[in-house]
Structure formats: C-alpha cells, structure tokens
1. Show me 65-78, 29-42 ranked by packing, highest mean number of other Cβ atoms within 10 Å first.
2. Report, to the nearest whole %, how much of the accessible area of the chain belongs to carbon and sulfur atoms, 1.4 Å probe, protein only.
3. In deg cm²/dmol and to the nearest 500, what is the mean residue ellipticity at 222 nm of the chain if only DSSP H runs of at least 4 residues count, each as -39500 (n - 2.57), divided by the residue total?
4. Which value, in Å², gives the accessible area per residue of the chain when a 1.4 Å probe is used on the protein heavy atoms?
5. Can you tell which of 48, 80, 26 lies farthest toward the positive end of the dipole of the chain, using +1 and -1 charges on the Cβ of basic and acidic side chains (Lys, Arg; Asp, Glu)?
6. Counting only other residues whose beta carbon sits under 15 Å from that of residue 23, what net charge do I get with K and R as +1, D and E as -1?
Amino acid sequence: MAVLPRNRLSTEQRRALKLLGSIPHGAVGDLLVLAHEFSRDMLAGLVLAGLATVVTETIRAGGPTIKVERYRITDAGTRALEG
C-alpha cells in the first residue's frame with residue numbers, strides 16, 4: 001500500500017504512530033481511545049492506509065473472556081514517520 005508523504009500525516013496521526021512505534025507488542029484500542037484520546041476513525045484510517053495493523057485477541061484474566069483490538073505500527077508506518 002502507498003505511504004502518505006510526511007507532510008500529509010496530521011499531528012494526531014503522527015502522535016499515534018510514534019506511540020505505536022514505542023510499544024513493541026502493540027496497544028489496546030480502548031487504551032488508545034480513552035487514555036490518549038485518539039478517535040476510532042483516525043485509527044481505522046491508519047489501518048486502511050497500511051500504516052498500522054489491528055488484530056482482535058481474546059483474553060481471559062481471571063474473569064470473563066473479553067475481546068480486545070491490539071494496534072501495531074507497520075514498516076510503512078515507521079517509514080512514514082522517518083519521512
């Protein structure tokens with residue numbers, strides 16, 4: 001997929017990609033939305049542009065099983081940050 005030129009990334013997109021790049025195993029979608037105030041639409045745009053991936057995981061931590069979305073930066077996302 002084509003990488004957006006550096007000047008085409010919004011400040012919010014750049015901030016999200018930098019955060020994802022700093023977390024080796026990816027970040028849970030709800031954390032990105034609630035704690036970092038990224039919009040789900042913006043995150044979806046990063047995925048559609050090939051700059052990030054999202055995987056749905058099933059987790060059980062002593063209680064009920066829940067599904068979470070884990071976002072990770074792609075090589076294309078890293079290249080977009082580098083410019």
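1. Top of the packing list down: 65-78, 29-42.
2. Answer for the chain: carbon and sulfur cover 54 percent of the accessible area.
3. Taken over the chain, the calculation gives -11500 deg cm²/dmol.
4. Per residue, the chain has an accessible area of 64 Å².
5. 80
6. Once positives and negatives cancel, what remains is +1.
The values are calculated or read from the model by the stated rules, or taken from the named source; none is laboratory data. These numbers were taken from a predicted model, which means no experiment stands behind them. Every residue, glycine as well, gets a Cβ built from its backbone with ideal geometry; the counts of neighbours run over all protein chains shown. Side chains are part of the model used for accessible areas, which takes the heavy atoms of the whole protein and leaves out ligands, DNA and RNA. Shrake-Rupley method; radii C 1.70, N 1.55, O 1.52, S 1.80 Å.
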